[in-house]
Structures are given as C-alpha cells and as structure tokens.
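Before any comments, here is the structure.
The values are calculated or read from the model by the stated rules, or taken from the named source; none is laboratory data. Everything numeric in this text was worked out from a predicted model, so none of it was measured. Reconstructed Cβ throughout: ideal geometry from the backbone, glycine too, with neighbour counts over all protein chains shown.
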Amino acid sequence: MKNPNIKWIYLLILSVIWGSSFILIKKSLLGLTAYQLGALRTIITGIILLSVGYSKLKTIPKTKWKWLLISGLLGSFFPAFFFAIAETEIDSSVASILNSLVPLNTILLGFAVFKIASTKRQILGVVIGFIGTAILILKGSELNPNQNYLYAGFVIASTLMYAANVNIIKRYLQDVKPLAIAAGNYVFIVIPAFIILIFTDFFSSTTFENPHFTNALLYVTILSVFGTAIAKVLFNKLVQMSTPVFASSVTYVMPIIALIWGVLDGESFSFIQGLAALIILVGVYLSHKRKA
C-alpha cells in the first residue's frame, strides 16, 4: 500500500531545491552571461539525464514524443534562459515570489486550454494573486529604481510555460516514467542549447579570464544537477502521484527559502513587498482550498 504522505515529502524536497535555485542563478551570473548560463544549465542537465535515462527512451510510445518536445521547450528550455535574463535586473527573492504564480496560471490554463472547470473561489484566488503581483512589481521598482522591473515579465512568462507543462504531463504523459519524460525532454533541447552557447563567445579567452568564472561554473553545475536534473524527475513523479495543482504548490515554500538566501546575500526587501508576497500566497491558497 502506498504511503499517502509521500507526496508531501516530495513537495518539501522540491521546495528546498528550487527555493535555492534563484540564488544560484544570481551567483552564476557574476561570471557568465544570461545566455551562457541558460545554455550551460540545459547542456549539463541534458548530459546527466541522458546518461542515466537513455535506456528509458525506448519505453516511450511514438505518439508521446510530440508532447515530450512541447514539454521540454515549455518546462525546461525557455525558462532556463528567461530566469537568467530576469535576474540580470531584478533580485532573486523577487523572482522567486513571482514564480508563485505557477499554481494560479495552472488553474487559468487548465480552464482555458484543457477545459478543466474552475470554482468561484479559485477565480477569486487568481484575482487576489495578480493584485499581489502588481503591488510587488510596483513597490519593487520604487525600492530599486536602478533595476528594470519590466524584466519581471520574463518570470511571469515562465510561470505560464510551467503551468502549461504541468497540465501536459498530467494529461498526455501520465503513463510515461518520470525519468523517461525528463530524458525525453532533453533529447530535443540539448543541441539548440549548445548552438546558442557557441554564439555567446563562451569559448573565447575573455570568458575564462573573468575572475568569477570558476565559481560561476561551480554554481551552474550545482544548479543543473540538483535544481534541474534531480528536481525534474522528482517533479514529474509528484505530478503523476498527485494533481497538477498540488504539484505546483511547491511554490508555497520556495519563496521562503529564496527570501532567506536573498536577505543573507544583502538584497533589500520592504514591508510592502512582504505584504504583497503574502497576498500572492493567500491567492494561491484560496485557489487550492476545497469546499467542505
């Protein structure tokens, strides 16, 4: 008999891993450009997953490969670059809070695209969540006038992609092994990432002469191994053992972990931003709460 609480263990582990990813991105950007970081993260993760999960690829039905392509692009490829680009302008803690929009967008896309019914409470939660997002962005731009908060749009776009991906996994890849999904995703995106890396002048002498390069490479490796490779397999398993909305609830704890890292790293965070973060989480909570 399966332990019904195992999904909570998966959720907690993922929260800690992904909550720490934002500070790792920030530190990696000290020695790499956003495009180099996104490409390296994808390549390193791909090498790991394909090495471990190559034998699982033959178990994937032919009809599933198109969904693995879409899942790979939306759940891994574009977000790897978008989060890196976003954190060139906004703090890692703010990026993590904006990432909390994933459950809300999961509900919106589930209703609009996948024809999953939404309750009035869920709609209210979505509205409250987006009000909190607006406050967070506006107050953040006031607190950090030197930062371009339009770059928050890259995070918001990524949350829409994550939301679409989690619905795709649940609806079309439910019967595919989690490791096979993760490895199958990277079959399509490793080569494009390598091409992008070549065009970023990564292999030029100026990149290696950067005093932060060695540490940045270490951070992006840790990010790839734990924050992407291992986390991808755990997340795919979590989606299959629970629901898309429950799995996306990983964003409840992630901002707390990321905020702790951000404050320890000297990032400024106002009371109003904290209130906005709370509003977002209340919106997420309402959107998940079941009727008695």
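What the table below lists for this structure:
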| read-out | value |
| --- | --- |
| Long-range neighbours under 6 Å by Cβ, at least six apart or interchain, first residue charged (D, E, K, R) within the stretch 269-289, second surrounded by fewer than 20 Cβ atoms within 10 Å (Cβ to Cβ) and at pLDDT below 75 | none |
| Conditions (1) crowded, with 17+ Cβ neighbours inside 10 Å; (2) in contact with a Phe, Trp or Tyr (Cβ under 8 Å, 6 or more places away or on another chain); (3) farther than 15 Å from I44 by Cβ; number of the one not met by S249 | (2) |
| Pick from the stretch 271-282, criterion over 19 Å from the mean Cα position of the chain (by Cα) and surrounded by 20 or more Cβ atoms within 10 Å (Cβ to Cβ), ranking: modelled with the highest pLDDT | A276 |
| In the stretch 123-167, residue surrounded by the fewest Cβ atoms within 10 Å (Cβ to Cβ) [restricted to those that are in a helix (DSSP H, G or I) and among the polar types (S, T, N, Q)] | S141 |
| Residue check, L32 surrounded by fewer than 22 Cβ atoms within 10 Å (Cβ to Cβ) and touching a residue at least 60 places away in the same chain (Cβ under 8 Å) | no |
| Among residues of the stretch 200-216, those that are out of contact with any Ser or Thr (no Cβ under 8 Å at 6 or more places or on another chain) and either surrounded by 11 or more Cβ atoms within 10 Å (Cβ to Cβ) or among the β-branched types (V, I, T) (or both), counted | 8 |
| Residue match in the stretch 176-188 (condition: touching a Ser or Thr at 6+ places or on another chain (Cβ under 8 Å), surrounded by fewer than 20 Cβ atoms within 10 Å (Cβ to Cβ) and at positive phi) | no |
| Selection status of A247, modelled with pLDDT under 85, closer than 16 Å to N99 by Cβ, within 13 Å of the chain's Cα centre (by Cα) and of a type outside the set (D, E) | yes |
| Within the stretch 64-94, considering residues that are assigned to a helix (DSSP H, G or I) and charged (D, E, K, R), the one farthest from V155 (Cα to Cα) | K64 |
| Identity of the residue in the stretch 195-211, of a type in the set (V, I, T) and part of a helix (DSSP H, G or I), that ends up nearest to the chain's Cα centre (by Cα) | I196 |
| Tabulated pairs, the stretch 71-99, first without any contact (Cβ under 8 Å) to a residue 40 or more places away in the chain and farther than 16 Å from L259 by Cα, second of a type outside the set (S, T, Y) and part of a helix (DSSP H, G or I), C-beta under 8 angstrom, 6+ apart or interchain | none |
| Conditions (1) crowded, with 23+ Cβ neighbours inside 10 Å; (2) not in a helix (DSSP H, G or I); (3) not polar (S, T, N, Q): number failed by V220 | (2) |
